[in-house]
Each structure stands twice: as structure tokens, then as C-alpha cells.
1. Kindly establish whether ARG14 is part of a helix (DSSP H, G or I) and in contact with an Asp or Glu (Cβ under 6 Å, 6 or more places away or on another chain).
2. If you check SER68 against the conditions, is it crowded, with 17+ Cβ neighbours inside 10 Å and out of contact with any Asp or Glu (no Cβ under 6 Å at 6 or more places or on another chain)?
3. Mind checking which pairs have a first residue in the range 113-140 that is within 15 Å of GLY30 (Cα to Cα) and among the polar types (S, T, N, Q) and a second that is open to solvent by 50 Å² or more (accessible area, probe 1.4 Å) and assigned to a helix (DSSP H, G or I), Cβ under 9 Å, 6 or more apart or different chains?
4. For the range 16-26, give me each residue that is open to solvent by 90 Å² or more (accessible area, probe 1.4 Å) and over 24 Å from GLU73 (Cβ atoms).
5. Looking only at the range 48-65, which residues are farther than 21 Å from VAL127 by Cβ and either touching an Asp or Glu at 6+ places or on another chain (Cβ under 6 Å) or surrounded by 17 or more Cβ atoms within 10 Å (Cβ to Cβ) (or both)?
6. Can you pull out every residue in the range 118-174 that is among the hydroxyl-bearing types (Ser, Thr, Tyr), part of a loop (DSSP other than H, G, I, E, B), open to solvent by 90 Å² or more (accessible area, probe 1.4 Å) and under 28 Å from GLU23 (Cβ atoms)?
7. Return the residues of the range 21-68 that are part of a strand (DSSP E or B) and closer than 21 Å to GLU107 by Cα; say none if nothing qualifies.
8. I'd like the full set of residues that are of a type outside the set (D, E, K, R), without any contact (Cβ under 8 Å) to a residue 40 or more places away in the chain and open to solvent by 80 Å² or more (accessible area, probe 1.4 Å), limited to the range 27-47.
Amino acid sequence: MAKLQAKKIAEALRKAQRVGEVEEDFTITGCKVVLRSLRPDEYEAALAAIGEQEDLAYIQAYKAEHLSRSIIEINNESLREYDFVDVDIEETDHKTERTTVKTATLERHQFIKEYVIATWSREAIDVAFRKFNDVVAKAERVAAQEVTFEIPEETAEEKYRRLITEAKEVEGTV
């Protein structure tokens, strides 16, 4: 039985890691933010974190969970290399009225969600999530850039019908 040493193909493996991952920056009301596409395990973790919420709460949690995992830089402060963030939490002893400061360690996405996204307006979250969707679309384009598909996604006729239908839907607003 033949065995392969990983170090022999290390360069090929390095090239294969993070395939399809893209980053995109944007500025939202003066705050520069960099988003990156997510890995499958991050999508799964985001969905698991949402739980069984309903309606509007589900939608807002969905956006916050995905954004918190996608944000990797805020105002030129890179968070790429960090998995955890230490935060100071003040606690007051109600008997003695003394305040003590304790350090808590949060996962990066939890820190971003609780200390950044939680301070944003719903509109800012909606805009940032729209940008996240742009990042996902860009990642798909980059991943498929040099790939030739045998079966096309959409025939010319299907595309024509879809575009006519879409044009008719917006015709009244033009």
C-alpha cells in the first residue's frame, strides 16, 4: 500500500486552502468594515446559534449571526488572526456596593455581535447584510471563474423568459 507524506504536497495543499474566500470592504456611515465570505462550518454555526426564533426575531438574528462571523476588520483594526477577544466586565456587589472588574473571553464573532452589531441601527444591519450578500455572490463568481460547466445553469431561452417576467413585474414602477 502506497503512502503519501503531507509535507510532499504542502505547497499544493496551501494553494487549496481558502479556495473561494474573498474579502470586500465598504464604509457605512463613516465606519470602514471588511467582510469575508464564510466557510461551511461558519454557516452551520450561524444557523445553530439562531435556534428556534420566529418571524422578525429570526430574520434579525440570521443577519447578526452571519455578519458577526463575516466581519474581519473594523476601522483598519484587523481581527483576522484572532479567535477570541478579552473584555472587561464591571460587576457590582450589591451588599458592599463595590465594583470589581473581571475579564471575560469571548469568541470573536460573539464580541462583534455584542459589542459592535448590537449598537447598530436595524437599517445599518440591513445595509451591511446586503453587502454580505454581495460578498457571497463575489465568492461564487471567483470560485467559478475558471470552471467550464458541461450543463449550463440556464439556457438562452430560459434566461429570456426570466428577464421578460422580471421586466413585467417592475414595469408598473417605471
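The values are calculated or read from the model by the stated rules, or taken from the named source; none is laboratory data. Quick caveat, the model's predicted, so the values are computed rather than measured. Virtual Cβ from ideal backbone geometry, glycine too; neighbours counted across all protein chains shown. Note: accessible area is taken over every heavy atom of the protein model, side chains too, but ligands, DNA and RNA are not part of it. Shrake-Rupley method; radii C 1.70, N 1.55, O 1.52, S 1.80 Å.
1. Working: part of a helix (DSSP H, G or I): yes; in contact with an Asp or Glu (Cβ under 6 Å, 6 or more places away or on another chain): no.
Considered against the rule, which asks whether it is part of a helix (DSSP H, G or I) and in contact with an Asp or Glu (Cβ under 6 Å, 6 or more places away or on another chain), ARG14 comes out as no.
2. In short, yes.
3. No pair meets every condition.
4. Within the range 16-26, none qualify.
5. ALA49
6. If the condition is that a residue be among the hydroxyl-bearing types (Ser, Thr, Tyr), part of a loop (DSSP other than H, G, I, E, B), open to solvent by 90 Å² or more (accessible area, probe 1.4 Å) and under 28 Å from GLU23 (Cβ atoms), then THR148 is the only one that fits.
7. Of the range 21-68, the ones part of a strand (DSSP E or B) are 23-28, 31-36.
Within the range 21-68, GLU23, VAL33, VAL34, LEU35, ARG36 qualify.
8. THR27, PRO40, LEU47
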